[in-house]
1. Tally Lys and Arg at +1 and Asp and Glu at -1 over the other residues with C-beta under 11 Å from the C-beta of Ser47: what net charge comes out?
2. Using only DSSP helix segments of four residues or longer, with each worth -39500 (n - 2.57), what per-residue ellipticity at 222 nm results for the chain after dividing by its residue count and rounding to 500?
3. Please state the charge dipole magnitude for segment 56-110, taken about the Cα centre, from unit charges on C-beta atoms (+1 on K and R, -1 on D and E), reported in debye and rounded to the nearest 20.
4. Contour minus end-to-end for Glu151 and Ile37, with contour as 0.36 nm per residue of separation and end-to-end as the Cα-Cα distance?
5. Mind telling me which of Asp94, Asp81, Asp112 comes out most flexible in a GNM of the chain, alpha-carbon contacts under 10 Å?
6. By how many nm would the segment from Asp94 to Trp44 grow when fully extended, if each residue of separation counts as 0.36 nm and the alpha-carbon distance is taken off?
7. Using label points projected 7 Å from each Cα along Cα→Cβ, tell me how many nm separate Leu143 and Asn83, to one decimal.
8. Quick one: putting +1 on the C-beta of Lys and Arg, -1 on the C-beta of Asp and Glu, what dipole do you get for the chain around its Cα centre, in Debye to the nearest 20?
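The values are calculated or read from the model by the stated rules, or taken from the named source; none is laboratory data. A quick note: this is a predicted structure, and the numbers were derived from the prediction, not measured. Here Cβ is always computed from backbone atoms with ideal geometry, including for glycine, and neighbour counts include all displayed protein chains. Calculation scope for accessible area: heavy atoms of the full protein, side chains included, ligands and nucleic acids excluded. Shrake-Rupley method; radii C 1.70, N 1.55, O 1.52, S 1.80 Å.
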Amino acid sequence: MTEKKEASFKEVKELISNIVKLRTRLLEVGIGKGDSITNDYAKWFCSKKYNLKLTKKEKQGYSGYSKFNERIKIVSKIGSDTNFENIFNGIHIDEFDYLFVVFIDEKTWIIDSIYKIPCIVVKNFLSFDQKNSFQWKREARSLSLQLYPDEDNMILI
């Protein structure tokens, strides 16, 4: 088993930029979406930015935990946090304390925003026809804590 090397945000941003170029070309020829890459990127980013310990496998129903032992599930979507038609599947509300919803820009694959949503709020926005699907709505957004961008990432004019 190989040892993981640490990477900076700048290095990962460059690597993601290269993936975007390759993904764009694949889409031009009609091949794939690449969602697992963006999900892995979102989990890595959240773990580094918010000091989360990721689990080896997500069979527990959460992605990792905080320094306060809060169970965190991380999900991502390529697109905007103002697209209120987004649905996140595979949500098992009894298995996590907070849901981190990560929105990734569809052209650059740079993370646009991250929301921290308490389990009780997630429960209120589960779809009626599919018990494990969380519907991203204006109300869910307004009841969530936007973690990112933060002061370190804002462009000041």
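1. Details: positive: Lys43, Lys48, Lys49, Lys53; negative: Asp40.
Once all neighbours under 11 Å are counted, the net charge is +3.
2. Numbers: 4 runs with 46 residues, N = 157.
Using -39500 (n - 2.57) per qualifying helix, the result is -9000 deg cm²/dmol.
3. Working: 8 positive and 9 negative charges, 66 e Å.
Here the size comes out at about 320 debye.
4. 38.3 nm
5. Among Asp94, Asp81, Asp112, the largest mean-square fluctuation in the Gaussian network model of the chain belongs to Asp94.
6. On the way: separation 50, 0.36 × 50 = 18.00 nm, distance 2.35 nm.
Extra length from Asp94 to Trp44 when fully extended: 15.7 nm.
7. Going by the 7 Å Cα→Cβ label model, 2.3 nm.
8. On the way: 26 positive and 22 negative charges, 76 e Å.
Result for the chain is approximately 360 debye, rounded to the nearest 20.
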